[in-house]
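Below: the structure, in structure tokens.
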Amino acid sequence: MLNHYEAAFVLTPVLSEPQMKEAVDKFENLLTQNGGTILNREEWGLRKHAYPIQAKTSGFYCVLQYDVETAFIAKLETEFTRDERVLRFLTTRLDKYAFEYAEKRRNHTKKEEA
């Protein structure tokens with residue numbers, strides 16, 4: 001059974017824009033190759049941290065919402081840990097209320113863009 005998840009991660013600020021997109025694409029491809037479905041991708045861009053992380057005061061923030069088997073989450077988190085470009089990450093399983101809220105937020109954002 002597929003569950004709904006959201007992964008928020010911070011990439012090192014020394015990356016260029018194409019390198020940042022390549023890093024996010026890597027995680028998206030890893031998910032899709034293992035039976036996952038990407039529901040939404042939000043790139044928040046370069047943001048300042050509230051406190052230094054690994055002596056860096058800013059980083060590229062990204063949020064992925066996806067459906068995947070629960071067994072795959074450990075492998076994904078291992079990949080986040082091994083990738084030197086990732087400063088921090090957080091994977092969260094969305095319950096039905098959080099998933100509904102995420103859907104409303106996604107639809108609202110699409111209406112604003114149109």
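The values are calculated or read from the model by the stated rules, or taken from the named source; none is laboratory data. Quantities reported herein were computed from a predicted structural model and do not represent experimental measurements. All Cβ positions, glycine included, derive from the backbone under ideal geometry; neighbour counts span all protein chains shown. Just so you know, the surface numbers come from the protein's heavy atoms only, side chains and all, with ligands and any DNA or RNA stripped out. Shrake-Rupley method; radii C 1.70, N 1.55, O 1.52, S 1.80 Å.
Here are the numbers for this structure:
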read-out	value
Pairs with Cβ under 7 Å, 6+ apart, first in the range 11-37 and farther than 18 Å from GLU84 by Cα, second acidic (Asp, Glu) and not in a helix (DSSP H, G or I)	GLY35/GLU69; GLY36/ASP67; THR37/ASP67
Selection from the range 63-76 of residues that are touching a helix residue (DSSP H, G or I) at 6+ places or on another chain (Cβ under 7 Å) and not in a helix (DSSP H, G or I)	LEU64, GLN65, TYR66, VAL68
Selection from the range 55-79 of residues that are of a type in the set (S, T, N, Q), surrounded by fewer than 16 Cβ atoms within 10 Å (Cβ to Cβ) and within 14 Å of HIS4 (Cβ to Cβ)	THR70
Index of the failed condition, PRO52 passing every other in (1) assigned to a strand (DSSP E or B); (2) closer than 25 Å to THR109 by Cβ; (3) of a type outside the set (A, V, I, L, M, F, W, C); (4) open to solvent by 20 Å² or more (accessible area, probe 1.4 Å)	(2)
Hits in the range 89-110 - residues which are surrounded by 14 or more Cβ atoms within 10 Å (Cβ to Cβ) and of a type in the set (Asp, Glu)	GLU103
Every residue from the range 77-112 that is among the hydrophobic types (A, V, I, L, M, F, W, C), assigned to a helix (DSSP H, G or I) and at pLDDT 95 or above	PHE80
Any hit, the range 17-29, residues being among the polar types (S, T, N, Q) and open to solvent by less than 60 Å² (accessible area, probe 1.4 Å)	no
